[in-house]
Amino acid sequence: MIKTKLTPLAMLIAATTASAQAQVIISEYIEGSSNNKAIELYNTSDEAISLSDYTLSYYSNGNTSASNNISLSGSIAAKGTFVIANSNAVALIKDKADLDIGGSWFNGDDAVVLHKGDAIVDSFGQLGTDPGSNWEGGGVITKDKTLRRKPEVTIGRSTADAAFDPSEQWLQFDKDDFSGLGVHGQSNTDDGGEEPIEPPAEPLVCGDPITTINAIQGNGEISPLKDQVVVLEGVVTADLQADNQLKGFFVQSLSAHMDTDPSTSEGLFIYDANSDVNVGDTVRIKGTVQEFYDSTQLGNVEQVEICGSAEFSATQLTLPVSDLNDFEAIEGMLVTINQPLYITDNYGLSRYGELGLASERLYQSTQVAEPGEAANAVEATNKLKAITLDDGSTTQNPETVPYPSTGFDAYNTLRLGDSTNSVTGVVAYSFSKYRIHPTMTPEFVNTNPRTDAPDLSEEGDLRIASFNVLNYFNGDGQGGGFPTPRGADNEAELQRQQAKLVSAITALDADVLGLMEVENDGFDELSAIASLVNALNAANPSNQYAFVNFNVDKIGTDAITSAIIYRADKVAEAGIASFTTAEPFDYGNRPPIAQSFRAISTGEEFTFAVGHLRSKGSCSKAEGLDKDQNDGQGCWNATRTQAATLFTEWLNSKPTGNQDADILLVGDMNAYAKEDPISEFANQGLHNVIHHIDGNTHSYSYSYGARIGSLDHALASQSLLDKVTDATDWHISADEPIALDYNTEFKSEHHVAALYAEHMYRASDHDPVIVEFKTQPPVAPVNPVPEITTGQSFSVKEDTPINSVIGILDFIDRDAEETPVEKFIVSGSTAVRINANGQIVTTGELDYEFDNRLNLLVQAQDSAGNLSEQVEVIIHIENVDDTDEEQSGSFGWLSLLALPFAFRRRIHK
């Protein structure tokens with residue numbers, strides 16, 4: 001698709017040159033139902049004009065880059081027309097078209113510009129401006145209407161960026177009025193010059209034969225009667241005809257017209273805002289069966305007749321359904337769901353009046369199942385459990401948000417996980433979702449209340465956290481420099497953002513905190529990280545927050561980076577602040593950062609790292625295994641998995657210089673719990689802390705597409721995991737509607753004030769992750785060298801038999817479990833020996849008269865060969881006279897034999 005972008009200078013030049021040359025103008029604009037769209041061009045001159053230099057361009061939603069450029073060819077006759085039609089329009093349009101083409105076409109809020117070469121010769125709408133739903137003025141609107149140029153207009157509107165009032169040059173006709181197409185400037189009269197009189201339509205007769213609604217719906221996704229004109233009867237179940245609603249109403253079959261086929265719906269949407277109908281009316285309608293974005297409806301309504309009134313009832317619906325076709329079978333019908341339904345999506349609450357509902361909270365498939373078949377099965381089941389609650393309004397950013405009924409503001413929220421016990425409404429299909437437009441306002445229950453602090457056991461003495469702060473940019477750090485590439489658009493938004501972040505971080509009460517999506521502008525006094533730390537300390541002067549300074553102007557090349565802040569009164573830096581930009585951290589995956597810390601109270605040391613792996617976006621650029629493999633992991637999975645491997649290898653290289661084995665890695669890994677990158681971290685020895693604590697993977701920190709899951713993780717080495725006392729996600733952001741954030745776009749003055757508060761709720765789009773662990777004082781290394789106690793002496797009688805134990809040597813073996821003492825080396829006498837247990841054993845005869853004292857030198861040797869100091873041990877030999885020997889008799893020597901059993905090993909560890 002070709003895209004052009006006109007600068008203001010280019011438009012000015014074009015405007016000064018085009019008007020005098022303009023002879024072709026836009027003469028008719030058709031913005032009808034479905035794809036019934038066409039543009040008619042008119043040659044105001046008296047000569048044929050070649051269209052080879054002309055281009056018709058469509059600009060969507062205020063963009064200055066064209067969404068569709070149509071190069072024209074051929075010629076346009078003098079005072080003749082040239083019609084460009086959507087290739088999917090009805091035959092009545094295409095039969096009059098000179099060119100039919102597909103691609104992206106315009107809606108009532110888009111601009112249409114006719115170029116000749118680079119010059120603008122005519123325009124419809126205001127280029128570069130999004131008017132909301134449509135342009136309007138003087139009773140003329142551009143949405144769902146046919147507009148024809150006033151006959152007196154013969155010069156194109158070349159100032160495409162000027163304010164546009166359609167009533168100045170255009171006449172308005174009904175939607176899907178194609179009667180004037182191709183005849184601009186020509187008389188629509190017969191030869192007599194009088195307008196032809198169409199014969200009146202035959203009146204509808206209530207009770208005459210009809211085409212039943214179930215026959216129109218059929219039992220497939222597309223009506224078997226598509227594009228046919230039919231007459232039906234039914235009872236009105238929901239009236240949404242207002243301009244800010246669906247501009248139509250729903251009807252349901254009368255009981256006499258219902259069939260017994262459960263696969264055919266008995267309800268239908270009637271696209272008609274001009275007939276005055278009310279809920280309960282029985283109506284007879286003539287119109288054309290249409291498929292509007294895969295939803296069957298009756299459009300081009302020709303006649304409506306009120307036949308009376310009738311009672312009707314709602315069909316009971318229970319979620320989950322058994323098959324998605326069960327929704328198709330009730331499309332257009334009034335249903336009641338009498339069961340608890342939980343909010344799974346509140347992203348469009350304030351902008352579109354939508355809420356995602358389901359029979360339970362829905363997880364990202366790879367959060368709870370292995371990628372591939374198992375994950376795909378989970379997602380298939382998710383779809384059976386969900387439906388969208390839609391207020392039926394087409395107004396964006398309404399002043400009054402429809403839910404909750406008690407009023408929506410910063411303090412009265414609707415969080416994911418809140419619930420309702422009953423919903424009644426009509427089922428429709430649009431924007432690829434089945435919806436229920438309530439006919440009774442549902443009441444919601446606060447089943448997932450806010451908490452004002454993380455729920456932790458508080459048994460630990462050190463708290464570490466991770467928080468993606470959603471693009472915290474501070475301009476030039478002095479109140480200017482806006483807009484920045486990301487984050488706040490101006491200083492006022494920055495102050496709103498900063499206040500919420502300060503509230504959240506203060507309440508986290510973390511001693512060390514890893515941050516993601518901080519502006520990558522260095523570490524001087526005007527940097528974003530310095531600004532945030534200053535704000536934290538100013539909010540509570542008892543804080544002593546500091547940031548790790550990596551002493552560079554930027555970490556890598558991305559607009560955002562990761563950062564580390566800490567409380568200097570609780571921990572001190574204990575290493576060299578480090579990062580790496582080596583592949584695959586040179587692009588996509590943000591550079592990992594790390595620093596080591598020491599707990600001031602205990603001296604415990606650990607290394608803390610922060611990561612932010614490549615997102616699941618920009619899939620069109622992915623190649624090879626990085627393409628979406630349809631296994632639930634999205635694109636760039638191979639890049640993220642490689643990053644997990646190399647991140648761990650980098651950490652194991654001890655980049656901070658600190659050799660402590662305790663490592664904690666936190667960050668936004670852009671991978672859910674069961675995906676390959678998280679598994680690879682585990683393979684490399686870093687374990688998911690929250691899943692270790694919970695025993696499952698039912699945690700979450702992020703919500704996307706009505707599914708919850710953990711993109712943010714805390715991963716610990718085994719040595720540190722053993723010290724963890726508790727861990728959790730704190731759900732202050734993911735569950736909250738986006739409307740409660742700091743941004744002021746798409747908000748009225750009332751909403752800017754009412755939907756904002758300085759509290760922590762919706763401070764970001766990610767929830768913080770918090771880990772607590774119990775630090776331990778460092779243990780002094782064990783001296784493995786044995787030690788014999790000095791000053792030891794023993795006594796033995798001279799007639800003690802050989803191999804008698806006469807005492808136990810006292811010695812210290814501190815690492816006896818690793819390298820036990822295995823022998824004692826004795827010198828000075830051969831009359832005794834010392835065994836491995838320290839027992840002193842006689843090895844020869846002892847004679848008091850010959851030697852009454854043995855002076856031994858003893859050394860202990862362990863299994864590693866470590867030798868103790870040589871220590872003197874004295875053995876005193878006691879004299880034994882004959883009288884004593886006789887008195888002891890034959891029992892004396894028996895008592896000596898019992899000596900070995902009386903001694904125990906005298907060893908100290």
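The values are calculated or read from the model by the stated rules, or taken from the named source; none is laboratory data. Keep in mind that this is a model prediction, so the values were computed, not measured. We place every Cβ from the backbone using ideal geometry, glycine too, and count neighbours over all the protein chains shown.
Assorted remarks:
- Counting residues in region 565-579 that are touching a residue at least 60 places away in the same chain (Cβ under 8 Å), within 23 Å of LEU740 (Cα to Cα) and of a type outside the set (Phe, Trp, Tyr) gives zero.
- Scan region 473-496 for residues that are more than 20 Å from LYS554 (Cβ to Cβ), of a type outside the set (A, V, I, L, M) and in contact with a Ser or Thr (Cβ under 9 Å, 6 or more places away or on another chain) and the total you get is 4.
- Test: residue in region 77-92 that is in a helix (DSSP H, G or I), among the aliphatic types (A, V, I, L, M), assigned by TED's automatic domain parsing to the domain that holds THR55 and more than 29 Å from PHE746 (Cβ to Cβ): yes
- Region 24-52 - residue that is in a loop (DSSP other than H, G, I, E, B) and under 12 Å from GLY108 (Cα atoms) and, of those, modelled with the highest pLDDT: GLY32
- For region 454-471, the condition of being under 23 Å from the mean Cα position of the chain (by Cα), modelled with pLDDT of 95 or more and more than 30 Å from LEU613 (Cβ to Cβ) holds for none of the residues.
- Criterion: farther than 23 Å from PRO592 by Cα, in the same structural domain as ALA563 (by TED's automatic domain parsing) and not hydroxyl-bearing (Ser, Thr, Tyr) - qualifying residue of ALA504, ALA528, ALA510: ALA504
- Just one of the listed residues (PRO483, PRO541) is free of Cβ contacts under 8 Å to residues at least 40 places away in the same chain, within 30 Å of GLN776 (Cα to Cα) and surrounded by fewer than 15 Cβ atoms within 10 Å (Cβ to Cβ), namely PRO541.
- Every condition in (1) within 24 Å of ASN244 (Cα to Cα); (2) in contact with a strand residue (DSSP E or B) (Cβ under 8 Å, 6 or more places away or on another chain); (3) assigned to a loop (DSSP other than H, G, I, E, B); (4) hydrophobic (A, V, I, L, M, F, W, C) is met by VAL153 except one, and the failing one is (1).
- Of all residues making up region 100-115, the number that are in a loop (DSSP other than H, G, I, E, B) and farther than 18 Å from GLY128 by Cα: 2
- Any pair with Cβ under 9 angstrom, 6 or more apart, that starts in region 53-66 at a residue that is more than 15 Å from ASN107 (Cα to Cα) and in contact (Cβ under 8 Å) with a residue 60 or more places away in the chain and ends at one that is in a loop (DSSP other than H, G, I, E, B) and among the charged types (D, E, K, R): THR64/ASP161; SER65/LYS3
- Selection over region 785-815 of residues that are farther than 18 Å from VAL858 by Cβ and of a type in the set (Gly, Ala, Ser) gives a count of 1.
- Restricting ASN397, ASN382 to those that are surrounded by fewer than 22 Cβ atoms within 10 Å (Cβ to Cβ) and within 18 Å of GLN339 (Cβ to Cβ) reduces the list to ASN382.
So that you can scan it fast, the table gives a plain yes or no per residue for (1) outside the structural domain of LYS723 (by TED's automatic domain parsing); (2) surrounded by 24 or more Cβ atoms within 10 Å (Cβ to Cβ); (3) within 15 Å of GLY667 (Cα to Cα); (4) among the β-branched types (Val, Ile, Thr):
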residue: SER596; (1), (2), (3), (4): no, yes, no, no
residue: SER601; (1), (2), (3), (4): no, no, no, no
residue: GLU605; (1), (2), (3), (4): no, no, no, no
residue: LYS621; (1), (2), (3), (4): yes, no, no, no
residue: LEU646; (1), (2), (3), (4): yes, no, no, no
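- In region 225-248, the residues that are buried (at least 18 other Cβ atoms within 10 Å of the Cβ), more than 15 Å from LYS286 (Cβ to Cβ) and either hydrophobic (A, V, I, L, M, F, W, C) or assigned by TED's automatic domain parsing to the domain that holds GLU331 (or both): VAL235, VAL236, ALA238, LEU240, LEU246
- Complete set of residues in region 718-737 that are surrounded by fewer than 18 Cβ atoms within 10 Å (Cβ to Cβ) and of a type outside the set (D, E, K, R): GLN718, SER719, THR725
- Looking across region 333-367 at every residue that is more than 19 Å from the chain's Cα centre (by Cα) and among the β-branched types (Val, Ile, Thr), the one that is surrounded by the most Cβ atoms within 10 Å (Cβ to Cβ) is identified as ILE337.
- Residue count, region 512-551 (criterion: under 21 Å from TYR761 (Cα atoms) and assigned to a loop (DSSP other than H, G, I, E, B)): 1
- Within region 691-712, considering residues that are assigned to a strand (DSSP E or B) and either without any contact (Cβ under 8 Å) to a residue 60 or more places away in the chain or among the charged types (D, E, K, R) (or both), the one farthest from ARG463 (Cα to Cα): ARG707
- Here LYS5, LYS94 are screened, and the one residue that is modelled with pLDDT under 90 and over 27 Å from ASP272 (Cα atoms) is LYS5.
- Taking the criterion of being hydroxyl-bearing (Ser, Thr, Tyr), closer than 17 Å to LEU225 by Cα and either surrounded by fewer than 20 Cβ atoms within 10 Å (Cβ to Cβ) or without any contact (Cβ under 8 Å) to a residue 24 or more places away in the chain (or both), the only residue of region 256-291 that qualifies is SER263.
- Filter result for SER829 (among the hydroxyl-bearing types (Ser, Thr, Tyr) and assigned to a loop (DSSP other than H, G, I, E, B)): yes
- Residue in region 713-728 that is in the same structural domain as ALA609 (by TED's automatic domain parsing), under 26 Å from ASN412 (Cβ atoms), touching a helix residue (DSSP H, G or I) at 6+ places or on another chain (Cβ under 6 Å) and among the aliphatic types (A, V, I, L, M) present: no
- Filter pass, ASN446 being surrounded by fewer than 17 Cβ atoms within 10 Å (Cβ to Cβ) and modelled with pLDDT of 95 or more: yes
- In this structure, ILE555 does not qualify as surrounded by 18 or more Cβ atoms within 10 Å (Cβ to Cβ) and either touching a helix residue (DSSP H, G or I) at 6+ places or on another chain (Cβ under 6 Å) or assigned to a strand (DSSP E or B) (or both).
- GLU136 fulfils the conditions (1) over 26 Å from ASN300 (Cα atoms); (2) among the acidic types (Asp, Glu); (3) buried (at least 18 other Cβ atoms within 10 Å of the Cβ) except for a single criterion, (1).
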